[in-house]
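Notes to accompany the following structure.
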């Protein structure tokens, strides 16, 4: 950091986004998943009850007593990154940040009244300065978007589900909420990745960080293009059985797979929306109150429709076929699952010229 009068500004020349709204970088799937979560039966009741019961003071005391609080005299380089991120995203109050001893590389933003950012020692040791800057920006993005509240509830409910696993109906009810929260949180990670890029303003550093989360500190053994090709292969390969396995694999996770995150972020970095933000054209917080919820939901629905049309995943392509009125749906399902070649029935042959695949 360097001093300019009484104000600290980033040491490297980075663009700043005064008054930026989190809507500028939030992934459409993040917003639609949150809308769906709030529509879940009983969620509002549980949310209000838990907001008053969650031991936030206990969490703060725990980190204060058993972790290292980042500041001017402890992990000062992280403190500068934190202030830098808040300066760039115009977050007025700098959240408290802690470093916690843990062999697993991880970071999180939790808290109800005020967000707390926690990074593990393994993550600090794994990443270089620019990679870490993107991570800190990622967590500040969570704070700006108000994600910390739902993350805290997810942590609490996950622990509670383990304690009441012996109560069948009670566990089912809690796991329904946990599953919905995980689905939203995976989408929110895509939003926070974008915030990290806005803070770091170095897409290569963001890519390197995600590669290290997947393969460790062996960048000399890895290649960005090959890593992104894995995401392409993951999305497009296999049959419907693989599509189902992908869903089952991701359900217990709070984060999307690293290759998928890298591909999503790379795509956004090349999109006109990112360039518009970098040019200073973005929604402001002062406009948030005038934002239409229905418009946001329509935008999210449009995103999902586009995703289905453009996806190479066999299940999404089948959905596109059905939506497009493809004939012999039962035969398509059979062939996809069995791997049989499309021999075609009489009905299938008759519709051959009229049906077009939307993929």
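Structure data summary
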quantity: Per-residue Cβ neighbour rank within 10 angstrom, fewest leading, 268, 184; calculated: 268, 184
quantity: Proxy reagent accessibility, fewest Cβ within 10 Å first, across 17, 185; calculated: 17, 185
quantity: Fewest-first ranking of 94, 70, 178, 140, using other Cβ atoms within 10 Å as the exposure measure; calculated: 94, 178, 70, 140
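Read the figures in this text as sums done on the coordinates, not as results from a lab. Just so we're clear, the structure is a prediction, and the values are computed from it rather than from any experiment. With ideal geometry, Cβ positions are generated from the backbone for all residues, glycine too; neighbour counts draw on all protein chains shown.
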